[in-house]
Amino acid sequence: MTVIVLRSAPDTTGIRFSLDARVVCVPDSSYANITGTLYVGEQRVSFYSLHNKIGFSLNYQNIVIHAVVRSSTDDEPHLYCQLDGPFPGCQSSVNGANESEDEDSEDEEFAELKFYPSDTSQLDALFQAMSDCAAMNPDTDTDEDDGDESD
């Protein structure tokens, strides 16, 4: 997984949607509760905090899943993203950690990001913009062949 650490605001060419948000990396991160701007671009998702002068940019292929999480008793509404690998400055979770240790077991590290928009009424528009841009960037990984060879 490639994550670009930003020390200045990202190029805004191709940005489809942006909003002020707070980011949290689960379970722990140097990006905990940093407020900045989330940019949903045609090729990348970027976050940058002008106040902290730090941010990141990642490809859609590195986002395994994104979903809207509505408010609950223990969390605010946010956009949840699970990434396909470890995130710089964020402890990784391990898939399969409770499985038996055998040769076929593949423990895969992943990170989770939560974006809390300052205006929660924009949450669905954020999700739609990310979905639209992700669709423009299909995963080119050929490891998972579905066996369909027809054209």
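Worth a mention:
- When the surface is traced with a 1.4 Å probe over the full set of protein chains, residue 48 keeps roughly 20 Å² accessible.
- Rounded if a/c under 1.5, otherwise prolate or oblate - the stretch 44-84, Cα gyration tensor axes: oblate
- Amide H contacts of residue 85: 111, each under 5 Å away and 5 or more positions distant or on a separate chain (H built 1.01 Å from N in the peptide plane; Pro and chain starts excluded).
- Note that the stretch 4-16 has calculated 3J(HN,Hα) couplings of 9, 7, 9, 10, 8, 4, x, 4, 8, 5, x, 6, 9 Hz, one per residue in order, obtained from phi through the Karplus relation 6.51 cos²θ - 1.76 cosθ + 1.60 (θ = phi - 60°); glycine and proline are x.
- The length gained on full extension between residue 135 and residue 70, counted as 0.36 nm times the residue separation minus their Cα-Cα distance, comes to 21.1 nm.
- Whole-Hz Karplus values for the stretch 114-127 come out as 10, 10, 9, x, 5, 10, 5, 5, 8, 4, 5, 5, 4, 4 Hz, taken residue by residue from phi with 6.51 cos²θ - 1.76 cosθ + 1.60 and θ = phi - 60°; glycine and proline positions read x.
The values are calculated or read from the model by the stated rules, or taken from the named source; none is laboratory data. All values derive from a computational prediction rather than experimental measurement. Keep in mind that these areas ignore ligands, DNA and RNA; they rest on the heavy atoms of the full protein, side chains included. Shrake-Rupley method; radii C 1.70, N 1.55, O 1.52, S 1.80 Å.
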